[in-house]
Amino acid sequence: MSIGYWLRHRPEAVSEPLRGSHAADVVVVGAGFTGLWTAIALTDTDPALRVVVLEAETVAHGASGRNGGFCEASLTHGLANGILHFPDELERLEREGIENLDALIAFTREHAIDCDLEETGTISFADRPSQVEEFRAWVDEAAEHGEQLRFLDRDAAQAEVHSPRWQAGLVRPPGRDVMLDPVKLCRGIARVAAGRGVVLHEGTRVTGVERRAGGVLVQTATGGSVRADHVVVATSAYSGWLRRLRPLFVPVYDYALVSEPLSDDERAAIGWRGRQGLSDANNQFHYFRLTADDRILWGGYDAIYHFGSRVGPELDERPETFERLEQHFFATFPQLEGLRFPYRWGGAIDTTSRFTVTFGQTLGGRLTYALGYTGLGVGASRWAGGVVRDFILRPDEDRLRFRLVTSPPIPFPPEPLRYAAVQAVRHELDRADRNEGRRGLLLRTLDELGLGFDS
Ligand SMILES: Cc1cc2nc3c(=O)[nH]c(=O)nc-3n(C[C@H](O)[C@H](O)[C@H](O)COP(=O)(O)OP(=O)(O)OC[C@H]3O[C@@H](n4cnc5c(N)ncnc54)[C@H](O)[C@@H]3O)c2cc1C
């Protein structure tokens, strides 16, 4: 089984599974970005707090170890989605997002976390005429919201990154995103947390949480338990174990390939001197970037939902998707014909109907959850960890009043309607892509309602 490029090196050490009965102030379930940033935020505010992190597998085993490594400032799954859902608070959310990204970068430097962080900016490419006009219009609209973009015509786009597909480009200069190695970052955060006394147990699947006098009891499949004042659920697309969270998200499988390192000739044949994070502008889009050792990571397009919101290691590989991704790659970069892709993997994305993280509390305020970044959680999870901390330790904080924090997304219906709805929307998105971006009745109705499906 290929677990992926970022996870190719085993961690230096893996912690012991939880056994026996323990006590803590806060238990965090899940050692991806959300869980670990929460542990950092909690101990920033109260260094004496006893925090225990329980992880079913190993640090970064979930989406945090399988993503593209695009770390963006946006907390709203991009500016356009923010305009749609949170126009009244967007200015503040944008500011918080930029501050969050700056703080994330500063954290890596302060703690010497070498995660191959590159401040390159991004380029989005149009490969259909309708997208070219949308790009032109978007430059002005984005500027009204403080985001400075630069339009590239066909020649300029192709000069930047050599592909016959490009008809235009949209450059976002450095400042609102960085490219990084997500596993190095995640393991680095875990190291800092451990240095602060946060106790991590890997190989420890949480099976249930019960309310107990003055707190909660967290039980695990290893037979251990922890009594705590609070529990934080940070299990992302795997959150189906908690019934209450099931309506909030659908797990959507997204896949990626990583090539062998490019030779000097191959490197010269594609341009891409700025090493920016790249994507195309279709509904079913590709994202691609260079790794520190000059491989190409190429992912996206297929977004696969399995009936019953199923997740599991057997879904991490999908040969037909890998094949499709390769075909699309060589259509984009025919000059690299013959390049091989030794790494291929998939991961589950926690998609909500409005594409943004959602928060909530249950068990009388003793259980707090954060999930739903919909494919843009590498940066936003740090902010979410701070919000979760505020729920527990700083309930008067202003940002707990953001509508993004207080109001839940519209829930997904139960099966079999859920599967039918997701498949119908996917079909319509594909049709719109093949039809010059023209959206049919279903998509237009969902747009009106502010509902969607994305990865
Ligand atoms: C293929 C792919 C590409 C992506 N690309 C990008 C990108 O380029 N940029 C971006 O910003 N975002 C991207 N994302 C999304 C991003 O990776 C996620 O939003 C982010 O990592 C979510 O972090 P998390 O900690 O909430 O979840 P996860 O990293 O999934 O962590 C959840 C953890 O909980 C553990 N767990 C689950 N159940 C239990 C249990 N019962 N008990 C104990 N532990 C449990 C899991 O093992 C896992 O380690 C991508 C995601 C995927 C899958």
The size of the Cβ-based charge dipole (Lys, Arg +1; Asp, Glu -1) of the chain about the Cα centre, to the nearest 20 debye, is 1480 debye
Remind me, relative contact order of the range 175-222 in percent, using alpha carbon pairs under 8 angstrom and six or more residues apart? 24 percent
Assuming a ≥ b ≥ c are the square roots of the Cα gyration tensor eigenvalues, decide whether the range 330-418 counts as rounded (a/c under 1.5), prolate (otherwise, with a/b larger than b/c) or oblate. prolate
Against the rule of thumb 2.2 N^0.38 Å, how large the Cα Rg of the chain comes out: 0.95
Spatial separation of Cα centroids for the range 407-450 and the range 1-55, in angstrom: 36 Å
Here Rg/Rh (Cα, Kirkwood) for the range 98-166 equals 1.11
With each run of n ≥ 4 DSSP H residues scored as -39500 (n - 2.57), what mean residue ellipticity at 222 nm is computed for the chain after dividing by its residue count and rounding to the nearest 500 deg cm²/dmol? -9500 deg cm²/dmol
Relative contact order, percent, the range 227-322 [alpha-carbon distance under 8 Å, six or more residues apart]: 32 percent
Over the alpha-carbon set of the range 79-232, work out the extent along each principal axis and list the three values in angstrom, largest first. 64, 36, 28
Could you tell me the extents of the range 372-454's C-alpha atoms along the three principal axes, largest first, rounded to whole Å? 49, 28, 21
Relative contact order for the range 132-241: what is it in percent, counting Cα pairs under 8 Å that are at least 6 residues apart? 13 percent
Selection from Ala228, Leu451, Val52 lying farthest towards where the dipole of the chain points positive, charges on Cβ: Ala228
Prolate/oblate/rounded call for the range 204-347, Cα gyration tensor, a/c under 1.5 rounded: prolate
To the nearest 20 debye, what is the magnitude of the charge dipole of the range 155-267 about its Cα centre, counting +1 on the Cβ of each Lys and Arg and -1 on the Cβ of each Asp and Glu? 1040 debye
Ordering of 257-263, 185-191, 62-68 by burial proxy (mean other Cβ atoms within 10 Å per residue, highest first): 62-68, 185-191, 257-263
Out of Ile105, Gly121, Leu84 - ranked by how far each Cα lies towards the positive end of the dipole of the range 73-125, with unit charges on the beta-carbon of charged residues - the top one is Leu84
To the nearest 20 Debye, how big is the dipole of the range 315-455 about its Cα centre, given +1 on the beta carbon of each Lys and Arg and -1 on that of each Asp and Glu? 360 debye
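We did not get these values from a lab; they are worked out from the coordinates using the rules stated. Everything numeric in this text was worked out from a predicted model, so none of it was measured. We place every Cβ from the backbone using ideal geometry, glycine too, and count neighbours over all the protein chains shown.
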